[in-house]
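What follows is a set of notes on a single structure, which appears directly below.
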Amino acid sequence: QLQITKQEIKELPNGYAFRLPSEGSTVRDASEWITYERLCCPFFDFGLEIERNDGATWLRLTGREGVKPFIRSEFGI
């Protein structure tokens with residue numbers, strides 16, 4: 001579901017940030033996704049940033065060297 005709702009992708013030095021809709025359900029879904037994803041991919045650092053005043057919601061996936069090619073492959077970037 002998160003794959004479908006991403007609105008923008010920013011490349012970071014050590015990963016990617018995905019802008020998601022700022023609806024409450026998206027924040028809940030992203031939090032739940034992080035809970036499960038960290039079990040299978042413990043090499044990720046996760047960040048969820050919700051900007052003030054109904055601003056953007058950003059999901060960050062970062063990690064050590066080599067994580068960017070994995071993210072590109074898994075998320076079709």
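Couple of notes before you dig in:
- Basic side chains Lys and Arg get +1 at the Cβ, acidic Asp and Glu get -1 at the Cβ, and with that the dipole of the chain about its Cα centre reaches some 180 debye.
- Neighbour count of at most 16 Cβ within 10 Å plus DSSP loop: longest GluC sites (Glu not before Pro)-free window in the chain: 24-50
- Helix 24-40 axis, angle to the chain major axis (alpha carbon atoms, nearest 10°): 20 degrees
- Distance between the 7 Å Cα→Cβ label points at Gln7 and Leu48: 1.7 nm.
- Distance between the modelled labels on Glu74 and Leu39, one decimal in nanometres: 1.5 nm (7 Å Cα→Cβ projection).
- (i) 27, 14, 9; (ii) 21, 15, 8; (iii) 20, 14, 11, with the label sought being that of the calculated semi-axes √(5λ) of the Cα gyration tensor in Å: (iii)
Only the coordinates and a few stated rules stand behind these numbers; no lab work does. Quick caveat: nothing in here was measured; it's all calculated off a predicted structure. Cβ sites come from the backbone with ideal geometry, for glycine too, and all protein chains shown count toward neighbours.
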